[in-house]
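Inspection log for the structure reproduced underneath, given as structure tokens.
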Amino acid sequence: MAEVPTERTSVLEADQGRVSERRSLWIEEGARKMVKVETMDSRVVRILLEDVRACYLVRGERTVLIDSGLPADAPDLRQGLGRLGLNASDLDAVVLTHVHADHAGGAGYLVEDNPELKIYVHEKGAAHLHAPERLNEGVRKAYGSRFDRVGFLHAVSPESLIQPLRGADTIDLGSVVLRVLDAPGHAKHHVVLHDEASGALFSGDALGSRYEGLPNLVLSPPSDYDPEQAKRTIDEIRALHPKTIYFAHNGPYRLEGESFFDELKAKHDLWVRTVEGIRSAHRQASVEEVIELFLTALPELRHYPSQFFSFGLSVAGILNYLERKERNHVLPAA
Ligand SMILES: [Zn+2]
């Protein structure tokens with residue numbers, strides 16, 4: 001593990017004020033980038049929003065959309081479907097890997113376009129879709145002045161459209177069958193979807209992010225990140241022997257060998273240990289200060305400024321986990 005600095009002031013003085021600047025990078029300033037629509041293979045099309053949020057259209061005899069971007073992405077998502085000659089009425093269902101705003105945001109809007117559209121989501125996330133006030137409040141806190149770029153989640157209504165998912169459920173598209181795996185860790189309301197026949201695994205955020213040209217990075221945001229569950233989920237996914245991982249951030253990654261899974265588990269351990277070390281050395285440090293110290297302790301992460309917003313969320317999520325753990329003395333139940 002990289003050494004955790006104890007001389008807080010020197011680090012903070014050098015970097016004072018730069019966190020907020022960095023944190024703006026993840027949500028782009030200025031004009032929105034064009035939506036990209038790319039065919040991955042005969043079953044899968046990627047609709048890429050602002051180059052950072054991937055939704056996957058999966059086609060058998062029936063068609064589902066996996067994840068739906070931010071609420072503010074709704075016009076782009078409609079445009080992306082339109083480029084394929086589709087609209088929300090051509091979808092048989094939307095499947096949400098989890099109910100974070102950058103995955104569940106478009107669902108309510110698509111239901112407005114197609115009032116019969118079914119929305120599949122983990123049973124623990126279902127209530128949030130029908131009553132998204134708490135989600136909107138959480139997003140407002142996390143994104144602050146950037147909230148306008150995120151937008152408001154619209155309720156999925158009527159509630160009967162929401163189809164709760166549990167592990168081992170299947171979503172049958174005819175020639176394509178998606179098997180559901182309960183995948184807590186990143187969030188307790190997380191599922192991943194496995195197409196056994198093709199070896200495709202739609203991982204949402206359960207396996208972190210994988211942007212082109214960047215390494216696999218942990219995603220551990222508030223409010224219920226749990227590293228032990230995340231590592232168990234990684235092992236369960238590994239046991240499925242997927243061939244290709246379709247990350248929600250940001251695209252397909254062909255697995256070569258099994259080191260990917262061990263490396264990712266080790267990163268969870270490293271990130272949690274690092275934040276834990278900073279926290280015990282700097283009890284009074286603010287979240288922003290802990291983020292700076294984290295980037296100092298793991299200097300290789302400074303090579304990825306586009307991810308600073310995400311790193312900030314991940315540090316906040318680890319802090320939240322450590323506080324929960326300390327409060328409860330034992331890990332909270334799922
Ligand atoms: Zn997420």
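Just one of the numbered conditions (1) surrounded by fewer than 20 Cβ atoms within 10 Å (Cβ to Cβ); (2) in contact with a His (Cβ under 8 Å, 6 or more places away or on another chain); (3) in a loop (DSSP other than H, G, I, E, B) is not true of Arg134; which one?
(3)
For segment 190-223, what are the residues that are in contact with a helix residue (DSSP H, G or I) (Cβ under 8 Å, 6 or more places away or on another chain) and of a type in the set (Asp, Glu)?
Asp205 - this is the single residue of segment 190-223 that is in contact with a helix residue (DSSP H, G or I) (Cβ under 8 Å, 6 or more places away or on another chain) and of a type in the set (Asp, Glu).
Those residues that are of a type in the set (A, V, I, L, M) and either part of a loop (DSSP other than H, G, I, E, B) or within 16 Å of the ligand (Cβ to nearest atom) (or both), I need them from segment 140-164; list them, please. Don't jump to the end; show me each part of the working.
Applying the first criterion (of a type in the set (A, V, I, L, M)) to segment 140-164 yields 142, 150, 153, 155-156, 161-162.
Selection gives Ala142, Val150, Leu153, Ala155, Val156.
Got a number for residues in segment 213-249 being part of a loop (DSSP other than H, G, I, E, B) and within 13 Å of the ligand (Cβ to nearest atom)?
First, the residues of segment 213-249 that are part of a loop (DSSP other than H, G, I, E, B): 213-216, 218-226, 239-243, 248-249.
Within this subset, residues satisfying the condition of being within 13 Å of the ligand (Cβ to nearest atom) are 218-225, 248-249.
Residues that pass the stated criteria total 10.
Let me confirm something: among Leu57, Leu91, Leu70, Leu65, which residue is within 16 Å of the ligand (Cβ to nearest atom) and touching a residue at least 12 places away in the same chain (Cβ under 8 Å)?
So the residue among Leu57, Leu91, Leu70, Leu65 that is within 16 Å of the ligand (Cβ to nearest atom) and touching a residue at least 12 places away in the same chain (Cβ under 8 Å) is Leu70.
So which residues in segment 95-129 are more than 16 Å from the ligand (Cβ to nearest atom), outside any loop (DSSP other than H, G, I, E, B) and either under 25 Å from Ser310 (Cα atoms) or under 22 Å from the mean Cα position of the chain (by Cα) (or both), if there are any at all?
Answer for segment 95-129, where residues must be more than 16 Å from the ligand (Cβ to nearest atom), outside any loop (DSSP other than H, G, I, E, B) and either under 25 Å from Ser310 (Cα atoms) or under 22 Å from the mean Cα position of the chain (by Cα) (or both): Gly108, Tyr109, Leu110, Val111, Lys118, Ile119, Tyr120, Ala126, Ala127.
Only residues that are within 16 Å of the ligand (Cβ to nearest atom) and surrounded by 23 or more Cβ atoms within 10 Å (Cβ to Cβ): list them for segment 177-188, please.
Correct list: Ala183, Pro184, Gly185, His186, Ala187.
Take the residues in segment 246-264 that are out of contact with any Asp or Glu (no Cβ under 7 Å at 6 or more places or on another chain) and of a type in the set (A, V, I, L, M); name whichever of them is surrounded by the most Cβ atoms within 10 Å (Cβ to Cβ).
So the residue we want is Leu264.
Which one of these does Ala206 not meet: (1) in contact with an Asp or Glu (Cβ under 9 Å, 6 or more places away or on another chain); (2) within 16 Å of the ligand (Cβ to nearest atom)?
(1)
Kindly check whether there is at least one residue in segment 189-197 that is assigned to a loop (DSSP other than H, G, I, E, B) and within 12 Å of the ligand (Cβ to nearest atom).
Among the residues of segment 189-197, at least one is assigned to a loop (DSSP other than H, G, I, E, B) and within 12 Å of the ligand (Cβ to nearest atom), which makes the answer yes.
Failed condition for Thr274, given (1) modelled with pLDDT of 95 or more; (2) among the polar types (S, T, N, Q); (3) closer than 30 Å to Ala168 by Cβ, with all others met?
Evaluating Thr274 over (1) modelled with pLDDT of 95 or more; (2) among the polar types (S, T, N, Q); (3) closer than 30 Å to Ala168 by Cβ leaves (3) as the failure.
Out of (1) closer than 25 Å to Val35 by Cα; (2) touching a residue at least 12 places away in the same chain (Cβ under 8 Å), what's the single condition that is false for Leu240?
Leu240 satisfies every listed condition except (1).
The values are calculated or read from the model by the stated rules, or taken from the named source; none is laboratory data. Remember, predicted model here, so these are calculated numbers, not experimental data. Reconstructed Cβ throughout: ideal geometry from the backbone, glycine too, with neighbour counts over all protein chains shown.
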